[in-house]
Structures are given as structure tokens and as C-alpha cells.
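Working notes, structure below.
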Amino acid sequence: MPHSSPLIATLVAGLGLAFVLGAVAHRIRVSPLAGYLLAGVAIGPLTPGYVADQSMANELAEIGIILLMFGVGLHFSLNDLLQVRSIAVPGALGQMVVATVLGTGLGEAVGWSIGASFLFGLALSVASTVVLLRAMQDRRLLETERGHIAVGWLVVEDLAMVLALVLAPPIARLLNASFEDGASGAPIAFAPFASAIGYTLLKIAAFVALMLLVGQRAIPSMLHWVAHTGSRELFRLAVLATALCVAYGAAMLFGVSFALGAFFAGMVLSESKLSQRAAQETLPLRDAFAVLFFVSVGMLFNPRVLVEHPFEVLATVLLITVGQAGTAFIIVRLFRYPTSIALTIAVSVAQIGEFSFILASLGVELGLLPTAARDLILAGAIISILLNPVLFAALDRLEPWLARREAATDARAGQTPAAPDPIPPPTTLAGHAVIVGYGRVGSVVGERLRRANQPIFVIEDRRDVVDRLHSEQVEAITGNGADPAILAVANIAGAQRVYVAIPETFEAGQIVQQARAANPSIEILARASSDAAIEHLSRLGADLVVMGEREVANSMLRGVNAPEPPHPRSVGTDALATATPP
Ligand code: AMP
């Protein structure tokens, strides 16, 4: 039966089993990723029982990668990318070089040829897009500075990998050849080599230019047109078709990876107002297909390698986790970012995934890589993917301690040049308003207060926003408002009011709680997105909690020019209410 419909059988088996095992994993408080991977192992060819179609599963997983990168592109503007280039480019390349060298050393130690060892090292050097994005999304880090750095890092790695896939086979052959027959043949081989690099770079440049020159106009105006038809279904279809067509076209015409093509498709859309809606439309599909990615990884896994080559597996895992993370950490620190950001990036790249498999399969196909190396790469991938959530959880635990430590070192050293954002001494403002989050809501509140000449202090996660405020002579600090060290700088004890204008309820709750503890008489106004959030925030000490959706309704009922409410706490209500789009 499965022979007649391998696609359906693979989808059903993959998603069905992933759901069951993912739910079990969730139940026993393990990351659901473990469940998805195990589901893959169970339906893979190396375990008894039903065997799903491997190549089909890989293609389905590829769709997941396309949708994921499209979503990332939607949240990412060219500006964001350029802003992090000074760290992302040297960081990603440096880390890849170190990992490749270490991996080559390991391969040599195992006794493979130099070419095979090099391919092995290269495969271990590139982190998985899916794993990294999942981790960032789960922690709502994508919109933060460290999220931007991580995504920029990923884009650079992706670009490097596109080159690597083209160049790895000739390099590996070159290495093997020059070691076998002495260095004599090497210079001749460099000519096709250089032209391959040139040609690949040219194709990437042509694709990027086409996207920025034509895509940036054509795609948004097409979507605008579709949006005006008023058909939700057509709009969804347009978004999905754009993502898939651009990704596919990029791969077929320009030799760019699917992931990179989709990323650019999303990015050209990101400037348009429709992007938020477009992102929403792709969410459910994206999540479903991302699950298939993990299933397909599991399917490739050969559990025997754990028993037959335990030490090699251990060395590979150590190289991926400790080696990669260590290198990334050192590079980010060298660029004078705070330890907490360096650790986030380090943990983000301490895993490998899809590109490593592609490279490994390519190597085996070309006869350059022994199958044992591929099994090791897969084992390393699975174990590092499983370890990743554990590392992130450890980092979450470490975060408050780190923040305190960073604050302490900075205070001791005064203006330490080591961190670009040393935590400054508490503000001298008093009777001021503290605004946490300066996005759509906080900025409206802030502008209104500034116009009324009221002193404000802003806490915002995004450095660019804070830089802009500084240039406008507004006191502001980059950081997470839920962090006690950051809150301390805002002099909550001397403030009159605090506006908690961030969307995340849990973090907002922590801020409300700490503000209340620091100043029992301070007026706390908070933003919520549900009835449960209102209750949560009120219980923790907020005086007024405004639910955006309800204010939208109120504004609609009142008309756009809402009368000023006479309530004593009306500053907050009014400002927050007008923040919602009419
Ligand atoms: P918006 O939803 O447009 O009002 O944007 C919310 C803003 O709050 C964004 O600019 C975020 O960077 C910022 N933000 C979110 N969480 C925090 C946090 N915990 N601390 C400081 N700023 C935050």
C-alpha cells in the first residue's frame, strides 16, 4: 500500500508519530524535538517495522526550511542585516574556519584521507537554521539584538555554505591529489577552482540584485493587489506561492540554496505593511513542516554507531558543542559584546543540521567521504540537537546571575571598554516616568509625554531604538526590563509612574512585580493582550492594565477622536488607547 502513495504515507507516518512522541516528550518535560527525532528513527530504514520514503521526507523537510527562512526574512530588514555585519561576517567565517580545522584534525586522527577529513570538518562547522530559529522563537529572541546577530550569523553561514557546496568536492579532491602525488599537480587545478568561485559569487550577486531591484517593487505591489481583492484565501495562497516560487527559482536559476532564496523573498516583503499579515498566514504550515525536518533527520540515524564508535561520537559531539560554542563565544567577546550576548550566540551555534547532512551525502556520493564519517555527522547532529534545549535552559538559569555580574563589573570599572553597553549608574531623574518597551505602544506614550515636557526614562531591548533616543537627548538604556540590574538604572524608587509597554505577559509580570517591590506608591500601567493577562498583571501590582484589543473596540465605538477620559489615571489610558491604530 505505501508503495502506491509514498508521499501521503510519509506525511501520515511522519506527522502522526511525531505528534504522539512529541506529546509524550512534552508530558515528561523533555523538549518535543526529542519526540520528533525519535519518530524519525522509528520510521527510518535502520530500525525494524514500517519504513518511510527517505527522499520524500527530505523534500518535505526542505519545505519547512523554506517557510522558516521566509518567516525570518519577513522580520528582518536589510538595515538589520547591515547593522550586524561587522560581527556576523567575521564571527561566522571565523567560527567555520576553526571548526573545519578541528574537524579535519579529528578526521586525520581517525585515519581518513585529508580530503575526507576536510569535508568532515566543514560539515561540522555549520549550524542548523531550523534548530537555531526554533530556539530563538521559543524564547522570543528573534526581535532582540542577539537575535539579529544570530540571524545575521546564520545568513553568512548559509552564503558560505552555498559556496562550500560548490567548492568542497574540488577542494577535497585537490587535497587528496596533492597529498598522494606530491604538490606538482596542484597549481594546474587552481584555474577551474578560481572560476568556480567567481561563477558562484556572480550568480549569488545576480540573484540578490534581482531581488532588491525588481523583487522589492514587484512582490509587495502584487500582494497589495491581492489584499485588495479582499479574499483571505487568495492572500494566503499569494504569500505561500511567493515564498516557494522565489526559493525554487533562486535554487534553479542561481544555484542559491532554497533557504537563502526564501529569506530574501521574505526580506523584500519586510518593508511593506502587509508583512505582519503575511507572516501570520504562513505560521501553521511552517510549524508542521519544521516538524518534518526533525523526523527526516531521525530517519537517517544509524543507532549502531553509538555502540561501535563511542569515542569518535563523543569527540564529534564535543567538537560541535564545546568547540563551536567556545569559538563563537571568544569571537563575540573579542568584538566587545557583553558575556550574556556571547553566550546566547555560542549556545545558538552549538549544533549542526541540514547543511551538514547535505554536505555529508554529497561527500559519500562522490566517494570522498567514508560512510562512517556520515554516521558520525548524523550522530553528532542528533545529539547536539537534543542537547541544545538543555544548553539554552542552563543559559536561562545563568542569565540573572550574569546580568548582576555584568552590572557589578561595569560599576567597578566605571566605563569599561570591554562592553559596548556598560550598565550606567542610576539615572538622576526623579518624579519621572519609566517606559519599558519603545515599540508601537511605548513610543506613542513617550512622544506624548515628551511633548508635555515630562521627564522620561526608556528601557528598550533594541539598541537601534535606544541609540536614536540618545541622539534626541532622551535617557534610555538597552536591555531587558525584567532584569533587576536594568530596572535599577531607571531609579524606580524615585519615579512617579512606570509604563510596561511590552507585549509579553510573563516578562511584563516580572517587571510589575519588581517595580511594586521597589516603590510601593509608584503608579504602574501595563499592557495586556488577554483577560488572563489582565488578571495576572493586576495581581502582581499593576494599577491599570490596558488590553489592546479592548481599546481598539472602545476607540471604534467612540470614533477616532476619542474624548479625554476624566479619570485621574487618564494619562496612561489615553496614551495607550491612541497607540492602537484607528
Ligand atoms: P510593540 O509591540 O510594537 O509595542 O513593541 C514592543 C517593544 O518592546 C519592542 O521594541 C521590543 O524590542 C520591546 N521589548 C520587548 N520585550 C522587552 C523587554 N523585556 N525589555 C525591554 N524591551 C522589550
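Taking 10 °C and 1.306 mPa s as conditions, the stretch 498-550 diffuses translationally at an estimated 152 µm²/s according to Stokes-Einstein applied to its Kirkwood radius (Cα pairs).
To the nearest 10 degrees, how steep is helix 339-348 against the longest Cα principal axis of the chain, on a 0 to 90 scale? The helix 339-348 is inclined about 40 degrees to the chain.
Exposed loop positions in the chain were taken to be GluC sites (Glu not before Pro) whose DSSP state is not H, G, I, E or B and which have at most 13 other beta-carbon atoms within 10 angstrom. Between these positions, the longest stretch is 1-270. If you take the Cα centroid of the stretch 77-109 and the Cα centroid of the stretch 196-265, the two points sit 26 Å apart.
Structural descriptor for the stretch 275-385: relative contact order 34 percent, calculated from alpha carbon pairs under 8 angstrom and at least 6 residues apart.
Let me have the relative contact order for the stretch 458-549, percent, based on Cα pairs under 8 Å that are six or more residues apart.
Details: 147 pairs, mean separation 19.9, N = 92.
Taking the mean separation of contacting Cα pairs over the length of the stretch 458-549, I get 22 percent.
Given R0 = 22 Å, the distance between the Cβ atoms of Leu46 and Val364 translates into a calculated FRET efficiency of 0.90.
Mean 1/r over all different Cα pairs, inverted: what Kirkwood radius does the stretch 117-163 give, in Å? Numbers along the way, then the final one.
Details: mean 1/r = 0.0875 Å⁻¹.
Evaluated over the stretch 117-163, this radius sits at 11.4 Å.
Test of understanding: ordering Met69, Met547 by Cβ neighbours within 10 Å, fewest first, what list do you get? If you can, show how the numbers build up before the last one.
Numbers: Met69 32, Met547 18.
Ranking Met69, Met547 by Cβ neighbours within 10 Å, fewest first, gives Met547, Met69.
Using the alpha-carbon positions of the stretch 432-566, Rg (one decimal) and Dmax (whole number) come out as 14.5, 42 Å.
Are there trypsin sites (Lys or Arg not before Pro) in the stretch 219-287 that DSSP puts in a loop and that have at most 13 other Cβ atoms within 10 Å, and which ones? Could you put the intermediate results ahead of the total?
Working: sites: Arg232, Arg236, Lys273, Arg277, Arg286; in loops: Lys273.
Taking the stretch 219-287 and a limit of 13 other Cβ atoms within 10 Å, the loop trypsin sites (Lys or Arg not before Pro) found are Lys273.
With contacts taken as Cα pairs under 8 Å at a separation of at least 6 residues, the chain carries a relative contact order of 15 percent. In a DSSP loop and with at most 10 other Cβ atoms within 10 Å, the trypsin sites (Lys or Arg not before Pro) in the stretch 1-103 are Arg29.
Show me the three semi-axes of the equivalent ellipsoid for the chain, from the C-alpha gyration tensor (sqrt of 5 times each eigenvalue), largest first, rounded to whole Å. Before the final figure, lay out each step's value.
Numbers: eigenvalues 410, 152, 115 Å².
They are 45, 28, 24 Å, listed from largest to smallest.
Counting only alpha carbon atoms, the long axis of helix 114-124 and the longest principal axis of the chain meet at about 20°. By the helix-only formula, in which each DSSP H run with n ≥ 4 contributes -39500 (n - 2.57) and the sum is divided by residues, the chain has a 222 nm mean residue ellipticity of -23000 deg cm²/dmol. Amide H contacts under 5 Å for Ala476: Val458, restricted to partners 5 or more places along the chain or on a different chain, H placed in the peptide plane at 1.01 Å from N.
Determine Rg/Rh for the stretch 314-364; Rg is computed over alpha-carbon atoms and Rh is the Kirkwood hydrodynamic estimate from the same atoms. Dividing the radius of gyration by the Kirkwood radius yields 1.11. Computed about its Cα centre, the charge dipole of the chain is approximately 760 debye, with only Lys, Arg, Asp and Glu carrying charge at their Cβ. Counting only Cα atoms, the stretch 51-130 measures 45, 45, 13 Å along its principal axes, largest extent leading.
Using a/c under 1.5 as the rounded threshold, could you call the stretch 1-159 rounded, prolate or oblate? The axes a ≥ b ≥ c are square roots of the C-alpha gyration tensor eigenvalues, and prolate needs a/b larger than b/c, oblate otherwise. It is oblate, given that a/c is not under 1.5 and a/b is not larger than b/c. Kirkwood analysis of the Cα pair distances in the stretch 194-277 returns a hydrodynamic radius of 13.3 Å. For Val41, Val552, the sequence from fewest to most other C-beta atoms within 10 Å is Val552, Val41. Cβ-to-Cβ counts within 10 Å put Ser125, Ser384, Ser113 in ascending order as Ser113, Ser384, Ser125, the fewest first. Backbone phi angles across the stretch 474-488, fed through the Karplus curve with coefficients 6.51, -1.76 and 1.60 (θ = phi - 60°), yield HN-Hα couplings of 9, 6, 7, 9, 7, x, 8, x, 7, 8, x, 4, 6, 4, 4 Hz in residue order; Gly and Pro are listed as x.
Every number in this text was worked out from the coordinates using simple rules, so none of it is lab data. Not measured: the values here are computed from a predicted model. Every residue, glycine as well, gets a Cβ built from its backbone with ideal geometry; the counts of neighbours run over all protein chains shown.
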